[in-house]
């Protein structure tokens, strides 16, 4: 299935991000909320991965699901405290729904052809996500 393209605001800035500009790279999206205990366990691992990956080959983004968030302030505070990777602000649950996510965190890996190569729900082992990401780089 082709990955739905979107344009979303970059959290805490007046800028926007367009997915279509990164098609041709492997892209990993992580949907999250600040109140979610599974997100608090998942995102630090992904942050470590983000710090070590080749950013020319892989684009990692997080998307705050504003429609499931308590407040924009809590999302921005969480982002500033814990995340260096680019973070987008969903429009309610618009992009979350486009990708048929069922919980947070949800992880989507998009291959170089713009197809959804893998999708993981909130209980997915981190190693399974990393293995699926690695398969896109061979």
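In this structure, is residue 102 at pLDDT 95 or above, under 26 Å from residue 2 (Cβ atoms) and exposed (fewer than 12 other Cβ atoms within 10 Å of the Cβ)?
Values: at pLDDT 95 or above: no; under 26 Å from residue 2 (Cβ atoms): yes; exposed (fewer than 12 other Cβ atoms within 10 Å of the Cβ): yes.
So residue 102 does not fit the description; no.
Looking for something touching a strand residue (DSSP E or B) at 6+ places or on another chain (Cβ under 9 Å) and part of a helix (DSSP H, G or I) - is there at least one such residue anywhere in the stretch 95-116?
Looking through the stretch 95-116, at least one residue is touching a strand residue (DSSP E or B) at 6+ places or on another chain (Cβ under 9 Å) and part of a helix (DSSP H, G or I).
Can you go through 75, 40 and tell me which one is at pLDDT below 95, part of a helix (DSSP H, G or I) and surrounded by fewer than 20 Cβ atoms within 10 Å (Cβ to Cβ)?
On the way: 75 fails: surrounded by fewer than 20 Cβ atoms within 10 Å (Cβ to Cβ).
Selected residue: 40, the only one of 75, 40 that is at pLDDT below 95, part of a helix (DSSP H, G or I) and surrounded by fewer than 20 Cβ atoms within 10 Å (Cβ to Cβ).
If you go through the stretch 117-132 one residue at a time, how many are in a helix (DSSP H, G or I) and out of contact with any strand residue (DSSP E or B) (no Cβ under 6 Å at 6 or more places or on another chain)? Walk me through how you get there before you give the answer.
In the first step, residues of the stretch 117-132 are kept if they are in a helix (DSSP H, G or I); the result is 126-132.
Adding the requirement that they be out of contact with any strand residue (DSSP E or B) (no Cβ under 6 Å at 6 or more places or on another chain) leaves 126-128, 130-131.
Counting residues in the stretch 117-132 that are in a helix (DSSP H, G or I) and out of contact with any strand residue (DSSP E or B) (no Cβ under 6 Å at 6 or more places or on another chain) gives 5.
Residue 85 is checked against (1) part of a helix (DSSP H, G or I); (2) within 26 Å of residue 133 (Cα to Cα) and fails just one. What number does that condition carry?
Here residue 85 clears every test but (1).
Looking at (1) modelled with pLDDT under 95; (2) not in a helix (DSSP H, G or I), which is the only condition residue 62 fails?
With (1) modelled with pLDDT under 95; (2) not in a helix (DSSP H, G or I) applied to residue 62, the lone miss is (1).
The values are calculated or read from the model by the stated rules, or taken from the named source; none is laboratory data. Not measured: the values here are computed from a predicted model. All Cβ positions, glycine included, derive from the backbone under ideal geometry; neighbour counts span all protein chains shown.
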